[in-house]
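This report concerns only the one structure given below.
The values are calculated or read from the model by the stated rules, or taken from the named source; none is laboratory data. Small disclaimer: the values here were computed from a predicted structure and weren't measured. As a convention, Cβ positions derive from the backbone with ideal geometry for all residues, glycine included, and neighbour counts pool all protein chains shown. Side chains are part of the model used for accessible areas, which takes the heavy atoms of the whole protein and leaves out ligands, DNA and RNA. Shrake-Rupley method; radii C 1.70, N 1.55, O 1.52, S 1.80 Å.
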Amino acid sequence: MDKLIELIRQKDNPSVVGLDPKPELIPEQLLDEYSHDRAGALADSYEAFNRAIIDAVCDIVPAVKPQIAMYEALGPVGLDVYCRTTRYAKSKGLYVIGDVKRGDIGSTAAAYAAHLSGVPFSDAMTGAEDIEDPWSQDCITVNPYLGEDGIEPFIRSAKETDKDIFILVRTSNPSSSQLQELNAEDGRPVFEHVAALVEQWGKETVGESGYSRSGAVVGATHPKAGARLREIMPHTFFLVPGFGAQGGTAKDVAAMFDSNGSGAIVNSSRGIIGAWKKEAKYSKDMNAQEALDLVMLSAQNAAIKMRNSLRAALRQ
């Protein structure tokens, strides 16, 4: 996590913007710009929207987190936009967390791990081995439900490519308690057992920052659990979803950071990319460019507000 932590330090901002576009978050003027097939029109509008958000926040936040499901829903054209979005984000100096939540075993897990390792090939002229990286991601999210042999291929690929993973531990959705809060034989909830495994899985990849390549997803909507998990996982960096629209606050997440104000990055998606919807200035009479300008301004203001609230909470 050293690269991510350095970017957070440079911008003094432990926040990440979720790039989760869907039709209701896109100004209708932008949707109307594209009149071909529905999937293609949505894909084009998503790309224009994402580029506007990235341009608006790239000097404020250290990272973005595109959720691949929003793009896969459009089929092949959506995946193309996903990859173009990640490439554009990296060109702006941002750390890219691919929210793909993969999880399987054996050769299937190894294939999913190509999200990190890319596609190896040999140059026909020189015979040299090289890697093509169609995904352009620094990190991905992973589901641990299948145990260590479902995680190991991702850890191996992360080590080989100097990248990272975030493993689901305590998620922000309400029904997560149905499984994650079940008590094991020793009386501890399942999520604490998963946390201990994640800390163990990462022990051989601890970097200069004191954190390993194997991070944990810990929801902002569970502040008490987050504080407990910080104790259990002293070398595990947290990705904290659920801020803003899902109810998590800066005060809720403060205990998930370490004593130096590091150890976590907090995600907001709708609260930033959908901030334009709360703007009184918005009008259906705007043209597409005017609407995009408002999207950029509102996203920028929302990102700054989030940054400042996190800074204040961590100082306290």
* To do: Could you list, in sequence order, all residues of region 23-60 that are open to solvent by 30 Å² or more (accessible area, probe 1.4 Å) and within 24 Å of residue 265 (Cα to Cα)?
  => 51, 55, 59
* Asked: For residue 59, are the conditions met, namely being closer than 26 Å to residue 163 by Cα and in contact with a helix residue (DSSP H, G or I) (Cβ under 7 Å, 6 or more places away or on another chain)?
  -> no
* To do: Residues being open to solvent by less than 50 Å² (accessible area, probe 1.4 Å) and part of a helix (DSSP H, G or I): count how many of those fall in region 280-305.
  => 9
* May I ask you to list pairs of residues, at least six apart or on different chains, whose Cβ atoms are under 9 Å apart, with the first in region 67-80 being surrounded by 15 or more Cβ atoms within 10 Å (Cβ to Cβ) and the second being hydroxyl-bearing (Ser, Thr, Tyr) and not in a helix (DSSP H, G or I)? => 67/269
* To do: Sort out which residues of region 162-191 are open to solvent by 20 Å² or more (accessible area, probe 1.4 Å) and among the acidic types (Asp, Glu), and write them in order of number.
  => 162, 181, 185, 186
* Would a scan of region 100-122 turn up a residue that is buried (at least 21 other Cβ atoms within 10 Å of the Cβ) and either at positive phi or touching a residue at least 60 places away in the same chain (Cβ under 8 Å) (or both)? -> no
* Asked: When you go through 239, 197 one by one, which is the residue that is within 25 Å of residue 12 (Cβ to Cβ) and at pLDDT 95 or above?
  -> 239
* Determine whether residue 95 is among the aromatic types (Phe, Trp, Tyr), farther than 25 Å from residue 284 by Cα and touching a Cys at 6+ places or on another chain (Cβ under 9 Å). => yes
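Residue-by-condition table, conditions (1) within 21 Å of the chain's Cα centre (by Cα); (2) modelled with pLDDT under 95; (3) within 25 Å of residue 270 (Cβ to Cβ):
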| position | (1), (2), (3) |
| --- | --- |
| 64 | yes, no, yes |
| 71 | yes, no, yes |
| 77 | no, no, yes |
| 81 | yes, no, yes |
| 90 | yes, no, yes |
| 104 | yes, yes, no |
| 116 | yes, no, no |
| 120 | no, yes, no |
